[in-house]
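Asker: Submitted below is the structure of interest, expressed as structure tokens.
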Amino acid sequence: MVPTYFRRELRDRVLQRHLRLRTFVFLLPPIYCACLPDEGIICGDSRSRMSVIPVTPSKAELRIAALAARDALNGEQRAAAAQAVAARGLPIEFARGAVVSGYSPIRGEIDPFPLLRKLAAQGATLALPAVMARGRSLAFRAWSVDDRLLLGPLGILEPSPAAAEIVPDVMLVPLAAFDRLGHRIGYGAGHYDYTLAYLRKIKAITAIGLAFAAQEIEAVPALAHDVALDFVLTETKVFDFRS
């Protein structure tokens, strides 16, 4: 049996740690196991040293952490980041009249409008997405910087339903988190994954994520249906994933 004082010490250690991950302890004499934040599953007994089995955070846990980092940014930092991305511009050349789709920022997303205004001045045709239904491709409606936007069914600003629908050549993609392989975590509905997979059957589309540097994580647990980005632009760096 594991000594009582040792089990109490282990229990107290677990309970006192910060609860970023669900913590649990179970004892199977003479073997004990515990799941500790940042350490993984620790197993051992009175006759051997402990071994560590890493715990991989879920997408939901990674999303929560990345959004908390994003929410911690103040208004001045957000505005400066949006201007820095706009000043750098797109990492690819595009022909005059090429369609670039943006998005209406929600939930503290980096503001794409300074970049969109710059691209419009360089000759790009702009579009913004409209949510049609879960499991369906987003629709992209033509939009100019002076056009009025209307609240869509999800409370997101969209162009008028009367605006022409067009297919983008370059798609600016919002995100909750990203890694250095071009994988992205969104909000769980899969709108952009479905849209990119569907529209790339029609034409080549360059997908460019926009994010704050604080939203980078070590690794996204990507699934088979997740579509990788070609680039991510932050206020500090351009990430090119095409190779």
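Asker: If you place +1 on the Cβ of every Lys and Arg and -1 on the Cβ of every Asp and Glu, how big does the dipole about the Cα centre of the range 99-243 come out, in debye to the nearest 20? Kindly include the intermediate steps, with their values, before the conclusion.
Answerer: Numbers: 14 positive and 15 negative charges, 64 e Å.
Here the range 99-243 has a charge dipole of around 300 debye.
Asker: Short version: ³J(HN,Hα) in whole Hz for each residue of the range 93-101, in order, from phi by Karplus 6.51 cos²θ - 1.76 cosθ + 1.60 (θ = phi - 60°), x for Gly and Pro, what are they?
Answerer: Here the 3J(HN,Hα) series is 7, 9, 6, 4, x, 4, 8, 10, 9 Hz.
Asker: How much length would be gained if the chain were fully extended between A87 and T236, taking 0.36 nm per residue of separation minus their Cα-Cα distance, in nm to one decimal? Intermediate values should be presented prior to the final figure.
Answerer: On the way: separation 149, 0.36 × 149 = 53.64 nm, distance 1.14 nm.
Contour length minus Cα-Cα distance gives 52.5 nm.
Asker: What distance in nm separates the simple spin-label points at K118 and A68, each placed 7 Å from Cα in the Cβ direction?
Answerer: 3.3 nm
Asker: Could you list F178, F113 so that the one with the fewest beta carbons within 10 Å of its beta carbon is first and the one with the most is last?
Answerer: Working: F178 25, F113 15.
By the 10 Å Cβ count, ascending, the order reads F113, F178.
Asker: Grab the eigenvalues of the alpha-carbon gyration tensor for the range 59-240, scale each by 5, take roots, and send me the semi-axes largest first in whole angstrom.
Answerer: Numbers: eigenvalues 104, 73, 55 Å².
Semi-axes from the Cα gyration tensor: 23, 19, 17 Å.
Asker: While we're on this one: Between R148 and A95, 0.36 nm times their residue separation minus their Cα-Cα distance comes to what?
Answerer: Values: separation 53, 0.36 × 53 = 19.08 nm, distance 2.61 nm.
Result for the pair: 16.5 nm of gain on full extension.
Asker: Between A219 and A162, how high is the FRET efficiency from 1/(1 + (r/R0)^6) when r is the Cβ-Cβ distance and R₀ = 45 Å? Nearest 0.05. Write down the numbers at each step before the final one.
Answerer: Details: r = 44 Å, r/R0 = 0.97.
Here the calculated transfer efficiency is 0.55.
Asker: Largest first, please: the extent of the C-alpha atoms of the range 85-127 along each principal axis, to the nearest Å.
Answerer: Principal-axis extents of the Cα atoms in the range 85-127, largest first: 32, 20, 15 Å.
Asker: Restrict the search to the range 205-239; then list the GluC sites (Glu not before Pro) that DSSP places in a loop and that have at most 10 other Cβ atoms within 10 Å of their Cβ.
Answerer: Answer in residue order: E218.
Asker: Then there's this: As an exercise, use a Förster radius of 25 Å and the Cβ-Cβ distance of E61 and K203 to find the FRET efficiency, rounded to the nearest 0.05. Let's see the in-between values first.
Answerer: Details: r = 36 Å, r/R0 = 1.44.
In this case the efficiency is close to 0.10.
Computed from the coordinates by the stated procedures, all read-outs in this text should not be read as laboratory data. Everything numeric in this text was worked out from a predicted model, so none of it was measured. So basically every Cβ, Gly included, is an ideal-geometry build from the backbone, and we count neighbours across all protein chains shown.
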